[in-house]
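Student: Once you've had a glance at the structure underneath, I'll fire off some questions.
The values are calculated or read from the model by the stated rules, or taken from the named source; none is laboratory data. Keep in mind that what you see is a predicted model, and the values were worked out from it rather than measured. Note that we place each Cβ from the backbone using ideal geometry, even for glycine, and neighbour counts take in every protein chain shown. SASA here: full protein model, heavy atoms, side chains in, ligands and nucleic acids out. Shrake-Rupley method; radii C 1.70, N 1.55, O 1.52, S 1.80 Å.
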Amino acid sequence: MTGTSTRLSLGPAIVTLAMALLAAAIAWLQVAPALEAAPAAGYDVPRMVLLYSTLPRMATALLAGAALALSGALFQQVLRNPLASPTTLGISAGANLALAIATLFAPALLGFGRDLVAITGSGIAAALVFMLGARRGFSPFSLVLSGLVISLWCGALSAILMLLNERYLISLFIWGSGSLSQQSWSIPLSLLPKIGAIAILSALIIRPLSLLELGEAGASALGLRIAQLRFIAVAAAVTLAAFVTSAVGVIGFIGLVAPTIARLSGARRPVEILVWSTLMGASLLWFADSGVQYLAGAMADFLPTGAVTAVFGSPLLLLLLPRLKTRHRILQGRTRQAGRLAIGPKALPLALVTVILAVLVALFIGRAIDGTWALPDASIASEILGLRTPRVFAALASGAMLAVAGVILQRLTGNEMASPEVLGISAGATFGVTIAVFAIAAPGLASQLGFAAFGALVVLAVIFAFSVRSGLAPERVLLAGIALSAMVDAVVGILTASGDPRSFFLMRWMSGSTYTIDGITAITASVAAVILIATAFSTRRWLDILPLGPQAATAVGLPLTSSRLALFGLAGLLSAAATLSVGPLSFIGLMAPHLAREAGLVRALPQMAGAAAIGGGLMVLADWVGRTVVFPYAIPAGLVSALVGAPFLMLMLRRKA
């Protein structure tokens with residue numbers, strides 16, 4: 001055993017012990033006053049709070065953190081993707097949507113127990129993921145993509161229900177952000193046997209998971225049934241996440257970050273990753289929750305633990321990021337397209353024709369004052385078109401820019417989950433707008449855009465600062481972006497949970513709204529789209545070569561660091577320009593590249609052109625549906641784009657590979 005191996009083996013223990021000691025120290029400060037006080041005669045309130053609130057909350061934090069981290073480690077190990085987690089695969093979103101629907105339309109169901117409703121939602125989401133994944137042999141690509149689609153669709157529908165019924169669902173929103181408040185031992189005692197049973201099952205599949213390290217071909221040669229193993233591992237991970245979500249709400253960051261921190265601190269083998277991820281998840285959530293209670297005092301119960309966890313976990317992830325051993329992943333969708341293209345070369349002209357039709361429909365068909373469908377009246381046609389045209393063309397330009405940014409990021413990183421939102425640009429812009437909303441009494445559009453641009457540039461600069469020493473290695477850039485996004489989202493989530501009315505303005509802006517678009521903004525977005533997308537087309541050779549890996553790229557003379565810098569910078573500019581126009585959109589940049597590839601556009605240039613047409617067309621269609629379907633109300637285009645686009649992608653995923 002070398003000295004290096006010995007140091008690496010101690011890394012996870014040191015990190016876990018440090019977090020546990022910090023958590024224990026803070027916890028002692030909380031419980032010491034009650035323990036040291038003399039027992040009061042009669043009803044001893046401090047001791048009752050200690051026994052039936054503080055201690056159960058700590059136990060719940062330990063169990064929930066361990067379960068979520070184990071769930072995330074199983075997902076990442078079996079799907080071979082460092083971005084896989086219960087949150088990104090739709091399990092938590094399914095539970096949240098089920099609770100929202102039950103609260104609004106069937107409140108009697110809540111009488112059977114909130115847990116049952118949440119588990120049913122998680123189960124349905126997981127069943128849909130399995131159903132889509134089964135058509136392609138439970139391959140990691142199909143499971144990850146199916147999970148993303150289900151997650152976005154459930155999240156978008158939940159957000160729409162929230163916006164239309166905010167007075168009924170505000171408490172659900174706070175619970176959905178994760179709350180560990182306890183009034184008894186019932187939740188930790190119910191979680192313990194369930195999590196224990198799944199942990200035993202996870203221990204039994206460690207050896208098969210280790211064989212996956214040999215690659216699918218090697219593992220199959222040794223007799224491993226890969227599809228069966230994936231089904232068991234994903235089922236175990238889903239069940240763990242469902243148990244925790246039904247008990248304490250959505251605490252998503254633990255499942256993503258704990259396995260990553262375990263690997264960065266030195267865990268290498270699957271058994272090490274599963275064990276240390278579990279312990280780190282428990283310690284991190286205990287530390288975050290204890291810190292919140294100690295620092296926030298009486299306000300602690302109103303702060304969402306899920307959001308606060310990201311505030312504590314993100315700096316730790318950034319601190320450990322320089323230890324990341326970079327590796328390149330080949331985008332699997334690229335290797336399996338040959339011979340099964342459904343549309344092929346006809347996809348691009350078909351997409352362009354569809355975009356033109358969508359623009360014409362959005363411009364000329366709408367609702368009259370009495371709510372009936374009608375073409376613009378000749379007497380007021382110029383006024384109506386003057387209102388609709390900026391929104392339509394800003395949506396078209398923004399959707400196209402986000403789609404091309406998504407193609408660049410997915411080809412550059414080799415990760416099918418990469419998108420402008422993952423890179424953190426959208427979160428930076430959101431944070432800038434948050435500052436504007438809370439620092440200025442009534443920020444105008446120019447102030448909002450200025451603050452959003454500032455936030456996006458700051459996030460981009462920080463990501464590059466953390467990644468430049470590694471030559472802008474894609475995996476390191478993505479993880480830095482995820483950490484910063486989680487931190488920014490956490491701050492926004494905490495402000496939202498405070499109940500401040502301004503937080504609902506932020507929710508609408510984050511949903512991708514075209515409400516405030518004027519002529520100048522539309523022209524600016526259109527010009528930016530033409531210039532930036534043309535620049536992206538000129539990088540098509542880089543984007544065809546880089547997915548082959550750094551060795552192949554270097555062998556043909558491609559300057560690795562400078563090409564990565566240029567492409568990350570271009571993706572950042574495309575994302576920032578789109579976000580500043582219509583707000584952060586969580587669907588277009590992720591799904592349009594997949595839709596283009598599923599339609600048969602494999603090489604870089606046709607994929608970018610197809611994705612731009614699909615992304616722009618989807619945004620125009622989403623904006624039109626959003627302003628007409630529930631007239632006179634309006635639904636943000638970003639949410640509608642997920643509802644409209646996800647079913648298309650589901651249909652494509654149902655085709656066999």
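Student: Can you pull the one-decimal nm distance between simple spin-label points at E272 and A127, each 7 Å off the Cα toward Cβ?
Tutor: 4.1
Student: Continuing with the same structure: At 7 Å along the Cα-to-beta-carbon direction for both I440 and A566, put a label point, then send me their distance in nm to one decimal.
Tutor: So the label points at I440 and A566 sit 3.6 nm apart.
Student: Something else now. How much FRET efficiency would the formula 1/(1 + (r/R0)^6) give for V353 and A203, where r is the Cβ-Cβ distance and R0 is 56 Å, rounded to 0.05?
Tutor: Step by step, r from the Cβ atoms, then E = 0.50.
Student: In terms of modelled amide H atoms, which long-range or inter-chain residues lie less than 5 Å from the amide H of G366?
Tutor: Distant-sequence amide H within range of G366: A374.
Student: Here is a follow-up. Test of understanding: what is the full-extension gain from L21 to F105, defined as 0.36 nm times their sequence separation minus their Cα-Cα distance?
Tutor: Between L21 and F105, full extension yields 25.6 nm more.
Student: How many nm separate the modelled label positions at Y294 and A381, each set 7 Å beyond the Cα in the direction of the Cβ?
Tutor: 7.0
Student: Tell me the accessible surface of E213 in square angstrom (1.4 angstrom probe, heavy atoms of protein chains only), to the nearest ten.
Tutor: 90
Student: Please calculate the 1.4 Å probe accessible area of E36, with all protein chains present, and give it to the nearest 10 Å².
Tutor: 130
Student: Same structure again: Please compute the length gained on full extension between R47 and A555, using 0.36 nm multiplied by the number of residues separating them and subtracting their Cα-Cα distance.
Tutor: Stretched fully, the R47-A555 segment lengthens by 175.9 nm.
Student: Determine how large the accessible area of Y633 is when every protein chain is in place; take a 1.4 Å probe and give Å² rounded to the nearest 10.
Tutor: 150
Student: A follow-up question, please. What order, most packed first, do the peptides 18-30, 257-269 have when packing is the mean number of other Cβ atoms within 10 Å of each residue?
Tutor: Descending packing order for the listed peptides: 257-269, 18-30.
Student: Work out, step by step, the length gained on full extension between L457 and R502: first 0.36 nm times the residue separation, then minus their alpha carbon distance; give nm to one decimal.
Tutor: Fully extending the segment from L457 to R502 adds 13.8 nm.
Student: Sticking with this structure for a sec: Read phi for every residue in segment 519-536 and hand back ³J(HN,Hα) as whole Hz from Karplus 6.51 cos²θ - 1.76 cosθ + 1.60, θ = phi - 60°, with x for Gly and Pro.
Tutor: x, 5, 5, 5, 5, 4, 5, 5, 5, 4, 5, 4, 5, 6, 5, 4, 4, 4
Student: Can I ask one more? Once phi is turned into ³J(HN,Hα) by the Karplus curve 6.51 cos²θ - 1.76 cosθ + 1.60 with θ = phi - 60°, what whole-Hz value does each residue of segment 123-132 show in order, with x for glycine and proline?
Tutor: With the stated coefficients, segment 123-132 comes to x, 5, 4, 5, 4, 5, 4, 5, 4, 5 Hz.
Student: Right, next: Tell me, what HN-Hα J-couplings in whole Hz come from the Karplus equation 6.51 cos²θ - 1.76 cosθ + 1.60 at θ = phi - 60° for each residue of segment 358-375, using x for Gly and Pro?
Tutor: 4, 5, 5, 4, 5, 7, 10, 10, x, 9, 7, 4, 7, x, 7, 6, 7, 7
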